1. Can you pull out the residues in segment 1-54 that are among the charged types (D, E, K, R), modelled with pLDDT of 90 or more and in a helix (DSSP H, G or I)?
2. Of the conditions (1) within 13 Å of the chain's Cα centre (by Cα); (2) modelled with pLDDT under 95; (3) hydroxyl-bearing (Ser, Thr, Tyr), residue 120 satisfies every one except a single condition; which number is it?
3. Quick one: in segment 138-170, which of the residues that are among the basic types (Lys, Arg) and not in a strand (DSSP E or B) is surrounded by the most Cβ atoms within 10 Å (Cβ to Cβ)?
4. For segment 32-64, enumerate the residues that are free of Cβ contacts under 8 Å to residues at least 24 places away in the same chain and within 21 Å of the chain's Cα centre (by Cα).
5. Quick one: would you say residue 263 is under 17 Å from residue 155 (Cα atoms) and surrounded by 13 or more Cβ atoms within 10 Å (Cβ to Cβ)?
6. Sort out which residues of segment 159-205 are in contact with a Cys (Cβ under 9 Å, 6 or more places away or on another chain), among the hydrophobic types (A, V, I, L, M, F, W, C) and under 25 Å from residue 145 (Cα atoms), and write them in order of number.
7. Go through segment 185-213 and give me each residue that's in contact with a helix residue (DSSP H, G or I) (Cβ under 7 Å, 6 or more places away or on another chain) and at positive phi.
8. Pull up segment 87-103, narrow it to residues that are surrounded by 14 or more Cβ atoms within 10 Å (Cβ to Cβ) and touching an Asp or Glu at 6+ places or on another chain (Cβ under 9 Å), then point me to the one that is nearest to residue 45 (Cα to Cα).
Amino acid sequence: MTRLATDDVKSISDELAEYDAELTARTGCSLRGIASLAAGLQEDEIKNRFKNIRIGVIPITVGEGVIAGFCDAVAGIVSHLGCKTFITRASDVAGLTEAFEKKADIIMLADDHQFIALHTATRQLIENAAATGKGFVTGLHLMAGDLNKKKVLVIGCGPVGRSATEKLVVMRAHVSIYDTNPARSIDLSEALKKTRNAKVQIIKDINRALKSHEFIIDASPAADIIQARHITPNTYISAPGVPCGLDQDARSKIGNRLLHDPLQIGVATMVLSAFKL
């Protein structure tokens, strides 16, 4: 996973109500609503059951260590969804032990490479990258009204971009993919042809593709690759990449047709996907 910085997460918990209002204005759904759709659940059916779910968030110190505010942000998002949530006092293996002793139904933990939600009863796990891709495609689908047979460009063929592309294929969108490493685009194209009998277009000229696609998933970690000249009145962008790939002029021009956050949609989709198991 992309390593976040403290500045990316420090205000998330305090601004969730405001963020929910923004999501509702842009997509017609709240954070929980988007995550429910991404996970294949009906939001109304889970509200009461969700109150009994207990989720433990474990600080992990390996690698570059705990990002200040990360566990608080994750716990804040989960609590906002309506779950009982706690952060373990201990970290690493001791934290895992503590979470089990406190009978957590779902355990969430992240290091520099992976962020997972582990369902303790089913022993299934949900990866943040996969959940984030599905969540942001669902958000774009809601903003667009429908992505069926629409041309959608996916920038970045890493784990998030792969997940987004797979979700788009299921939605029957006409998908084009781009990665600065052409081998990754080819690998994803061949995998989709083999596993889903689906064909996607591999893009070589990103500037031309940005001008010719109204619906874009920016799953790249590159900054400022989407500029104001790429934005039309009909452009909609869902951007799970960190940092956001739009430069400041592009962000100003696109206005409320941009969906971007560092953690919220991915975490919410992880929890709802784990809850479904």
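The values are calculated or read from the model by the stated rules, or taken from the named source; none is laboratory data. These numbers were taken from a predicted model, which means no experiment stands behind them. In this analysis, Cβ positions are derived from the backbone assuming ideal geometry, glycine residues included, and neighbour counts consider all displayed protein chains.
1. 14, 15, 18, 20, 22, 26, 32
2. The single condition residue 120 does not satisfy is (1).
3. Initially, segment 138-170 is screened for residues among the basic types (Lys, Arg), giving 149-151, 162, 167.
Going one step further and asking which of them are not in a strand (DSSP E or B), we end up with 149-150, 162, 167.
Details: 149: 9, 150: 20, 162: 22, 167: 24.
Looking at the filtered set, the residue picked out is 167.
4. Within segment 32-64, 33, 42, 43 qualify.
5. Working: under 17 Å from residue 155 (Cα atoms): no; surrounded by 13 or more Cβ atoms within 10 Å (Cβ to Cβ): yes.
Criteria not met by residue 263.
6. 177
7. Initially, segment 185-213 is screened for residues in contact with a helix residue (DSSP H, G or I) (Cβ under 7 Å, 6 or more places away or on another chain), giving 188, 192, 196, 198-200, 202-203, 210-211.
The answer is none; no residue qualifies.
8. At the first step, the residues of segment 87-103 found to be surrounded by 14 or more Cβ atoms within 10 Å (Cβ to Cβ) are 87-88, 91-92, 95-96, 98-99.
If we keep only those that are touching an Asp or Glu at 6+ places or on another chain (Cβ under 9 Å) too, we end up with 87-88.
Numbers: 87: 27, 88: 29 Å.
Top of the filtered list is 87.
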